[in-house]
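Here the structure is laid out as structure tokens; the discussion comes afterwards.
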Amino acid sequence: MSNIFEDESLVGSRRKNPIFKDKKPLDHRFLPDKLVHRDEQIRQIAKYWVDVLDNVTPSNVTLYGKTGTGKTAASKFAREQLIEAANNENVFVKIEYIRCTDYTTEYQVIAELCNRLGRDVPNRGWTKAEVVNAFRELFRTNAFGRKLHLIVILDEIDILLEKDGDGILYTLTRTDNISVLSISNYLDFKNLINSRVTSSLNDKEIVFPPYGANQLSDILNERALLSFNDGVLDSDVIPLCSAMAAKEEGDARYALDLLKNAGELAFDEDSEKVTSDHVRRAKDRIEHNKVSEILSTLPLQQQRLLEAILTLTKQGEEITSGKLYEAYSDVSKSDAVTYRRIFDFINDLELLGIISTNTVSRGRGKGRTNIIKLQCDEVLLETALYTI
Ligand SMILES: Nc1ncnc2c1ncn2[C@@H]1O[C@H](COP(=O)(O)OP(=O)(O)OP(=O)(O)O)[C@@H](O)[C@H]1O
Ligand SMILES: [Mg+2]
């Protein structure tokens, strides 16, 4: 049998893709040479970090902003620039990027930092104190007799704080020569931190506002030049992607996803051009993939809870936690979990963005109630729930 990868149709599409010149620039992880509309934020990071070039530990910094507002990209951009500048100045500085979805406990982060700085530490087995001591040693003794400065970027820090508490910030801010740049989606992330940690953190805050439609167009235009062949994008494609993403809280990642998926649809259909119709269908495809992907990873009881939320939504009911528990018990029957556990599930589903909750006051003496709302398309959810 001939090799499937050498099939004529595949070879043809590899050799010359009529739509894409290079798909990489449309990938989330691609770091462009310049970040339009983020000069101000990058300049602010640089203003604090520049101290390290004079051997002074920089202030701790926190970047806030909703999803897709360029926080990760800006921090990586600033990191590359500082590495370059430090090489020219001969300063001994390391800037380590840690995504807290990959390292979710203080132990894991500190062990990873040790390993990256050349001190082997096992991923488990030591006590936390042992790992922290090994880490601190790195800053006390230095084989080169030079002072090591470390800037730690803790991206998506909320996840670590929720899972493992604020010990990581305590340890890092109480070790000499370390500066932390935290990245959070929530303005109130300080609520997850003890006041003794807040005072040693003493951070400078930088806000990343959502992008407007015109700004998103500028971002997409830059990427489109690198990714698409000349003239394949209809003139209304980028404005439409931008307008749709501006509605989704100014999320540049979503705008890029729309553009990429629209291009892929056009390619799959052998179309010579990418049109606004492709963009609209790309929106459905993204939404569908998102919902199915999330659902497929949910434990059974949480799927049942969603089923109950869907049923109540379809009945046009206002969903309180009490009502939801009743509906959920109907779906789950004998193996239903307790009422208290349901709150954890509601929390998890909210973090995933499938539902939202809103606490309302029922008036004096009547207490407060949680109102739950579905945040994804009903039809999509229904299809996804019954096809997994
Ligand atoms: N100003 C910009 N110029 C060019 N590309 C950008 C800009 N802002 C964001 N992007 C791109 O949009 C995508 C999302 O940005 P990024 O990952 O930095 O968002 P984020 O704020 O970290 O979001 P999240 O909170 O979800 O992690 C990335 O591919 C990034 O390269
Ligand atoms: Mg990010």
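Here, each number is a calculation from the coordinates, and none is a lab measurement. Just so we're clear, the structure is a prediction, and the values are computed from it rather than from any experiment. Ideal geometry is used to build each Cβ from the backbone, glycine not excepted, and the neighbour counts take in all protein chains shown.
Scan 26, 35 and give me the residue that is under 18 Å from the mean Cα position of the chain (by Cα), closer than 30 Å to residue 234 by Cβ and without any contact (Cβ under 8 Å) to a residue 60 or more places away in the chain.
Going through 26, 35 in turn, the sole match is 35.
Here's a check for you: in segment 175-189, which residue that is of a type outside the set (A, V, I, L, M) and more than 15 Å from residue 65 (Cβ to Cβ) is surrounded by the fewest Cβ atoms within 10 Å (Cβ to Cβ)?
176
Look through segment 195-230, keep the residues that are in a loop (DSSP other than H, G, I, E, B) and within 16 Å of ligand 1 (Cβ to nearest atom), and return whichever of them is farthest from the chain's Cα centre (by Cα).
If we take residues in segment 195-230 being in a loop (DSSP other than H, G, I, E, B) and within 16 Å of ligand 1 (Cβ to nearest atom), then 212 is farthest from the chain's Cα centre (by Cα).
Out of the residues in segment 19-39 that are surrounded by 13 or more Cβ atoms within 10 Å (Cβ to Cβ) and outside any loop (DSSP other than H, G, I, E, B), which is farthest from ligand 1 (Cβ to nearest atom)?
20
For segment 271-310, name all the residues that are part of a helix (DSSP H, G or I), closer than 28 Å to residue 326 by Cα and more than 20 Å from the chain's Cα centre (by Cα).
Those that are part of a helix (DSSP H, G or I), closer than 28 Å to residue 326 by Cα and more than 20 Å from the chain's Cα centre (by Cα): 300, 301, 302, 303, 304, 305, 306, 307, 308, 309, 310.
Report, by residue number, each residue of segment 178-194 that is in contact (Cβ under 8 Å) with a residue 40 or more places away in the chain and either part of a loop (DSSP other than H, G, I, E, B) or on the phi > 0 side of the Ramachandran plot (or both).
185, 186, 187
Can you tell me which of (1) within 16 Å of ligand 1 (Cβ to nearest atom); (2) on the phi > 0 side of the Ramachandran plot; (3) not acidic (Asp, Glu) is the one residue 44 doesn't meet?
(2)
Does any residue of segment 254-270 turn out to be within 27 Å of the chain's Cα centre (by Cα), of a type outside the set (Ser, Thr, Tyr) and farther than 22 Å from residue 22 by Cβ?
no
Test residue 294 against the criterion of being hydrophobic (A, V, I, L, M, F, W, C), closer than 30 Å to residue 386 by Cβ, touching a residue at least 12 places away in the same chain (Cβ under 8 Å) and surrounded by 14 or more Cβ atoms within 10 Å (Cβ to Cβ), and give yes or no.
Against the criterion (hydrophobic (A, V, I, L, M, F, W, C), closer than 30 Å to residue 386 by Cβ, touching a residue at least 12 places away in the same chain (Cβ under 8 Å) and surrounded by 14 or more Cβ atoms within 10 Å (Cβ to Cβ)), residue 294 qualifies.
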